[in-house]
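Have a look at the structure below before the remarks.
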Amino acid sequence: MTLPRLLAIAIAFSLSACQPQSGKEAATTATPQAATRSTHAITGTAIYLERIQMPPGASLQVRLIDNQLADTPQAVLAQVKLDNAAGPPYAFTLPYDAAKLRPDGQYGLLAGLYGPDGKLWFVTDTRAPVVPTDNTPVDLRMVRVVDDGNAAAGDIRYWQCGEVRIGAALNNMTDSGTDRVTLSLSGRRLQLPHAVAASGARYADAAGNEFWTKGDSGTLTLAGEAKRDCKQTDTPSPWDEARKRGVGFRAVGSEPGWYVEVGMGEAPALHAQLDYGARKIDIVRAQPLKGGSGFSGKTANGTAIELRIERKPCSDAMSGERFDASAELKAGGQSYRGCGAFLAD
């Protein structure tokens, strides 16, 4: 899948109370000066856990968000920028105007770490709850931002949602939070825009798809299906792993359990494991069927293999997963039916 490139939004920051300075000293002393002259400020620390060194000229931006105005131009009540942000932890002081607070207001903090070219590298994936008047330091944890799905394994968080394992990649950042999430599930990708939520990170669309996380747990609701409880995991799904290996098409089936993987190119390699792994099939150069409807070939011992693919909705009876294609594999007189996906789409 080809997605739009990540849009890094650079936000200008200035405080009239700050005295002009230059170089790195200006970046590290501007915030304390502003805090001294302001009677209201939020302090805290932002970190990320990945072992990545930011390039020179990186900057940290922290925003105070009115949650009840999220996704509107009025959502940002205050913001501060720390230039020359070399490495975590990043201590910040965020002055704000107390007159903008409401008695029953709900507020959150967002942090974004930008490279010298304005590209967003790390971001808080949810608004951290904060009571501005508490004067309690806030700890913000940032995660790596994905460049529209073309990311390394460390850029994606994996979740086990019932029988379905998914990958969740953050894309873009607006003034009120991350703009959308890209979910990889069952060999396909689903983009969901950011949605308003009282707590956690919620993404949803008009079709009824929703992904809502709070820490290392959450829920996944796919249109027309029951809600699934999710827990974060370190293991990607077989579909994500196959995509990384360059597999172009993958299909699975049950009773008996089987799967097939087809590579890329005009004469791709075909590998299948049948009968719960008891039979293994390999074709070095599979030949495409007419109209792109599948592949055929023979194994080294002469067994004829034919894989027929039809682009139509398919549902796995065991897991309940939905796929964009159906598949039938014929091997030596036996037929195996299942569902699959074109991973290179």
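The values are calculated or read from the model by the stated rules, or taken from the named source; none is laboratory data. What you are looking at is a predicted structure, and each value in this text was computed from that prediction instead of being measured. Neighbour counts run over all protein chains shown; Cβ positions are idealised from the backbone, glycine included. To get the accessible areas, we keep the full protein, side chains included, count just its heavy atoms, and leave off ligands, DNA and RNA. Shrake-Rupley method; radii C 1.70, N 1.55, O 1.52, S 1.80 Å.
Whenever a residue of segment 119-130 is modelled with pLDDT under 85, its partners that are of a type in the set (S, T, N, Q), lying with C-beta atoms within less than 7 angstrom and at least six residues away or across chains, give the pairs D125/T178; R127/N67.
Quick check on segment 164-179: of everything there that is at pLDDT below 90 and surrounded by fewer than 22 Cβ atoms within 10 Å (Cβ to Cβ), which residue is farthest from R322 (Cα to Cα)?
Here is the first cut: in segment 164-179, the ones at pLDDT below 90 are 169-179.
From the residues that got through so far, the ones that are surrounded by fewer than 22 Cβ atoms within 10 Å (Cβ to Cβ) too are 174-175, 179.
Details: T174: 31, D175: 34, D179: 26 Å.
Selected residue: D175.
Within segment 218-236, the residues that satisfy the criterion of being surrounded by fewer than 13 Cβ atoms within 10 Å (Cβ to Cβ) and part of a strand (DSSP E or B) are D229, K231.
So which residues in segment 327-345 are over 18 Å from K280 (Cβ atoms) and touching a residue at least 24 places away in the same chain (Cβ under 8 Å)?
Keep residues of segment 327-345 that are over 18 Å from K280 (Cβ atoms), which gives 328, 337, 339-345.
Answer for segment 327-345, where residues must be over 18 Å from K280 (Cβ atoms) and touching a residue at least 24 places away in the same chain (Cβ under 8 Å): R337, C339, G340, A341, F342, L343, A344, D345.
When you check D275 against the structure, is it open to solvent by less than 90 Å² (accessible area, probe 1.4 Å), of a type outside the set (A, V, I, L, M, F, W, C) and on the phi > 0 side of the Ramachandran plot, yes or no? I'd like the intermediate steps shown before the answer.
On the way: open to solvent by less than 90 Å² (accessible area, probe 1.4 Å): yes; of a type outside the set (A, V, I, L, M, F, W, C): yes; on the phi > 0 side of the Ramachandran plot: yes.
In short, yes.
Mind checking which residues of segment 187-207 are farther than 20 Å from L109 by Cα and either assigned to a strand (DSSP E or B) or touching a strand residue (DSSP E or B) at 6+ places or on another chain (Cβ under 7 Å) (or both)? Explain how you work it out, then say what you get.
Quick first cut of segment 187-207, residues farther than 20 Å from L109 by Cα only: 187-192, 204-207.
Those that are farther than 20 Å from L109 by Cα and either assigned to a strand (DSSP E or B) or touching a strand residue (DSSP E or B) at 6+ places or on another chain (Cβ under 7 Å) (or both): G187, R188, R189, L190, Q191, L192, A204, D205.
The condition (being at pLDDT below 80 and open to solvent by less than 50 Å² (accessible area, probe 1.4 Å)) is satisfied by just one residue among S38, S59, S22, S16: S38.
Do we have F211 as in contact (Cβ under 8 Å) with a residue 24 or more places away in the chain, in contact with a Phe, Trp or Tyr (Cβ under 9 Å, 6 or more places away or on another chain) and under 30 Å from G105 (Cβ atoms) here? Show your work before the answer.
Numbers: in contact (Cβ under 8 Å) with a residue 24 or more places away in the chain: yes; in contact with a Phe, Trp or Tyr (Cβ under 9 Å, 6 or more places away or on another chain): yes; under 30 Å from G105 (Cβ atoms): yes.
When the stated conditions are applied, F211 passes them.
A count restricted to segment 83-127 and to residues that are in a strand (DSSP E or B), over 18 Å from V143 (Cβ atoms) and open to solvent by 30 Å² or more (accessible area, probe 1.4 Å) stands at 1.
Does A317 count as open to solvent by 40 Å² or more (accessible area, probe 1.4 Å) and in contact (Cβ under 8 Å) with a residue 60 or more places away in the chain? Yes, satisfied.
Quick check: is even one residue across segment 237-254 surrounded by fewer than 20 Cβ atoms within 10 Å (Cβ to Cβ), part of a strand (DSSP E or B) and either among the acidic types (D, E) or free of Cβ contacts under 8 Å to residues at least 40 places away in the same chain (or both)? There is no residue in segment 237-254 that is surrounded by fewer than 20 Cβ atoms within 10 Å (Cβ to Cβ), part of a strand (DSSP E or B) and either among the acidic types (D, E) or free of Cβ contacts under 8 Å to residues at least 40 places away in the same chain (or both).
All conditions but one from (1) within 31 Å of the chain's Cα centre (by Cα); (2) at negative phi apply to I305; the one that does not is (1). Considering segment 255-269, and only residues there that are part of a loop (DSSP other than H, G, I, E, B) and farther than 20 Å from S319 by Cα, the residue that is most open to solvent (accessible area, probe 1.4 Å) turns out to be E266. Close Cβ contacts (under 6 Å, 6 or more residues apart or on different chains) running from residues in segment 62-81 that are within 15 Å of V196 (Cβ to Cβ) to residues that are modelled with pLDDT under 90 and part of a helix (DSSP H, G or I) comprise A75/L69.
Scanning segment 320-336 for residues that are surrounded by fewer than 18 Cβ atoms within 10 Å (Cβ to Cβ), modelled with pLDDT under 95 and farther than 16 Å from R279 by Cβ yields G320, D324. Say we look at segment 198-213 and pick out the residues that are surrounded by fewer than 19 Cβ atoms within 10 Å (Cβ to Cβ) and at pLDDT below 90; which of these is farthest from C161 (Cα to Cα)? Filtering first and then ranking leaves A198. Anything in segment 177-186 that is part of a strand (DSSP E or B) and of a type outside the set (K, R)? List them, or say none. Scanning segment 177-186 gives G177, T178, D179, V181, T182, L183, S184, L185.
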